[in-house]
Each structure stands twice: as structure tokens, then as C-alpha cells.
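Notes follow the structure.
The values are calculated or read from the model by the stated rules, or taken from the named source; none is laboratory data. Note that the structure is predicted; figures quoted are calculated from it, not measured. Counting neighbours? That spans all protein chains shown, and the Cβs are built from the backbone with ideal geometry, glycine included. Ligands, DNA and RNA are stripped out before the accessible areas are found, and what is left, the full protein with its side chains, is counted by its heavy atoms. Shrake-Rupley method; radii C 1.70, N 1.55, O 1.52, S 1.80 Å.
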Amino acid sequence: MRVLNYLELESELHRSGIGTATDQQRAALSRADADVDVVTSPWRGGHPARAPLSAAAGRGFFRGYDVAHCNLVGPGSVAVARHAKRNDIPLILHTHVTREDFAESFRGSNAVGPFLGRYLRWFYSQADLVLCPSEYTKRVLESYPVDAPVLPMSNGVDAESLSGFEDLREEYRDRYELDGMVVFAVGNVFERKGLTTFCELAEETDYDFAWFGPYDTGPHASKTVKKWVRDPPENVTFTGWVDDIRGAFGAGDVYLFPTKNENQGIAVLEAMACGKAVVLRDIPVFEEFYTHGRDCLKCSTKAEFRRALELLARDEDLRKRLGENARETAAEHSLDRVGDRLAATYREAYEAKREGRPVDVSRLR
């Protein structure tokens, strides 16, 4: 079976969670015990600018594939969706973007939220099957509502790609002048991810805080991001893009993620795969994955976050126990499991289309 696994704007999104999720899908499929041939571009010639030349030669704009799987919601994905519908090709749309998790990301993102919600309802409803990372996201889509079957499937975690993170500990701690118990975050710097809480906790404590990931101070950046990254508390380091993300997990000790909304949160699973103690905001999406006191600590207020950090600072055994249990949790999201489920999903979508019936998600749970 030939499957299109498409991420438009891929070169611009390689630093994002969407880019990581797409990379992990492809890596998972390469490990799966299934006959799936993956192509990553729908365009003949490999680029939309070269597709018209192919069309002029009578070969058409689009490559041939049996199943189309799109990971974004822009014009390229719309074109693929229309081509799939016209040619009776099974269409799978992956929900990495919702109205809720777009909020507080960029300047003006809250204002466009209502329009984005209506657009996403239309776009996702074209699918034969919508994939999403969590039961929480499924409930969000059903509230729009999206008129298509929805199947939750973990983004997974590529633990193998993090191998050797321990060896980078001293290098990255020296590079960013980090000492003692380091409280850290990984990913793009957005207010939605709890930026203000992160910085205010730093102001109230003596630990070194480090946020490993890119940030924007240009016209698209929110006022809150500009404020904190331009004038951070003395014990906060914003590293910007790092060459080797393993260095972040090597340097840090407690992964702090006071995010306000997530569809899953791949970096949480990465921190867990590295055996780090994790402190999370107690929001609905984390209820289905993590257990307070076993593989993480969950907090609702800034005071609770502060007490959790103080507890972990003085109780190294607790940090170790939470980290060991977190590794077990991350193993449940291995790419081997994701690859097998994804391959089975492609087969079901293909068979359903050939048989003229809806995708049966009960076969895929």
C-alpha cells in the first residue's frame, strides 16, 4: 500500500510539535510490520511549483497513492483533500491544530479563534477519518462538531532519538551557566504553554530555570513573550533554538510544564522517557495519560507549583521514583505501538473505501 504522509510547510515546521509528530509517524511506520510505502509529497516533481510542468506533460499534478494522510490545515492540505475526494482516495486528516490550542500562541491568535473554529469544523469534516492525539481532543472536535469519525491515537515518543542525553549534561549546564536542581521546559515559547507561570515561579524561588526552545520577538510575537524573553528574571535562561535537544534533557532535572491547553504534549513524553521528574498543570488532557504522585505531580495554582518544586528539591528519592515510573509510562507510547496502529488504520481506511462503507473505528481501538 502506498500512503501519502504529508506535512505542508515542512521545512518551516521542523522545529514545531507538529513537525516532531509527523517525523514520528514516519519513523513509526518504518518500524511497523506492515507493507506500507510512504511518500511525503503529493506533488509530481516533489514541489507544487514543479507540478504544473508535470500537468502540462499530461502526467497530472498529483502523485499516485492509495491513502492520503494530511498533518496540517492549510491550502496544500485542502488541495490534497479535494484531490482525494474527487478520486475516491481514502482521506485521513490529523488534528494537530484546534481553536483551543491556537489561543495565546501568536499575536492576534485569540481574535482569529472563532473564525479558525469554523474553518476547522469544515476542513476536518471532509475526512473519511480524523486522527487526534487524545480523548480530550476528540471531545473538543465533537463539540465543534466535526462530521467525521474521530479516532484518538498517541503521537508517541521516539525514545531512541534521545539516547545519550546523559552524556551532554555537563556541556549544556556549562554552556547556559546552570547549577543545582535545574527546572526546565522544552519547546516553542508561548504564553499558552505557561510562560508567565514559569517566570513568576522563578521569581519566587532560587532554582535555575531554563526554557530550551525558539522564541519570536518579531511582529508575530505576543506582548507577553516579548516582555519575558527581553527582560527575564535573573535565574531564567531562554536558550533559543538548540542544536541537540538531548542536551536539554541532560541539563534539566525537573520538567515544569504549566501549559493551559494541549492536545497531548510530546515534550512531556520525552522528559518522561529520559526519567525526569515532571510537574504538570492539572488540565483535562493529562488525566488520561498521567497519574499524580506516580509518574508526575499535578498542580492547579502557582502556590501548588511552588510547593511541588520545593518538595522535589529536598526529596531526591521522590524525584528518582517519579522519574522511574515516568519511564514506564513513556514506554506505553513507543513508536513500535504507534506504527502498528497507524498501519492498521491505513488498511481499514483503504478497505472501507473499496467496500463503500464508513471507517469502522471499533476495529482500531
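Cβ-Cβ distances below 9 Å connect the following pairs, each with a first residue in segment 288-301 that is more than 18 Å from residue 135 (Cβ to Cβ) and in contact (Cβ under 8 Å) with a residue 40 or more places away in the chain, a second residue that is in a strand (DSSP E or B) and open to solvent by less than 60 Å² (accessible area, probe 1.4 Å), and a separation of six or more residues or different chains: 299/279; 299/280; 299/281. Would a scan of segment 316-331 turn up a residue that is in contact (Cβ under 8 Å) with a residue 40 or more places away in the chain and among the β-branched types (Val, Ile, Thr)? For segment 316-331, residues in contact (Cβ under 8 Å) with a residue 40 or more places away in the chain and among the β-branched types (Val, Ile, Thr): present.
Under the condition of being touching a residue at least 60 places away in the same chain (Cβ under 8 Å) and in a helix (DSSP H, G or I), which residue from segment 202-223 is least open to solvent (accessible area, probe 1.4 Å)? Step by step, filter segment 202-223, then rank; the result is 204. In segment 24-35, the residues that are open to solvent by 30 Å² or more (accessible area, probe 1.4 Å) form Cβ pairs under 7 Å with partners that are outside any helix (DSSP H, G or I), at six or more places apart or across chains, as follows: 26/5; 26/38; 35/1. Of all the criteria given as (1) in contact (Cβ under 8 Å) with a residue 12 or more places away in the chain; (2) open to solvent by 40 Å² or more (accessible area, probe 1.4 Å); (3) under 24 Å from residue 31 (Cα atoms), the one not satisfied by residue 306 is (3). The single condition among (1) in contact with a Phe, Trp or Tyr (Cβ under 6 Å, 6 or more places away or on another chain); (2) farther than 21 Å from residue 272 by Cα; (3) basic (Lys, Arg) that residue 246 does not satisfy is (2).
A single member of 339, 323, 293, 356 is at positive phi and under 26 Å from the mean Cα position of the chain (by Cα), and it is 293. I need the full set of residues from segment 129-146 which are under 17 Å from residue 342 (Cα atoms), touching a helix residue (DSSP H, G or I) at 6+ places or on another chain (Cβ under 6 Å) and touching a residue at least 40 places away in the same chain (Cβ under 8 Å), in order please. The answer is 129, 132, 134. Comparison of 324, 348, 270 shows that the only residue that is out of contact with any strand residue (DSSP E or B) (no Cβ under 9 Å at 6 or more places or on another chain), part of a helix (DSSP H, G or I), modelled with pLDDT of 95 or more and acidic (Asp, Glu) is 324. Is it true that residue 273 is small (Gly, Ala, Ser) and either touching a Pro at 6+ places or on another chain (Cβ under 6 Å) or surrounded by fewer than 24 Cβ atoms within 10 Å (Cβ to Cβ) (or both)? No.
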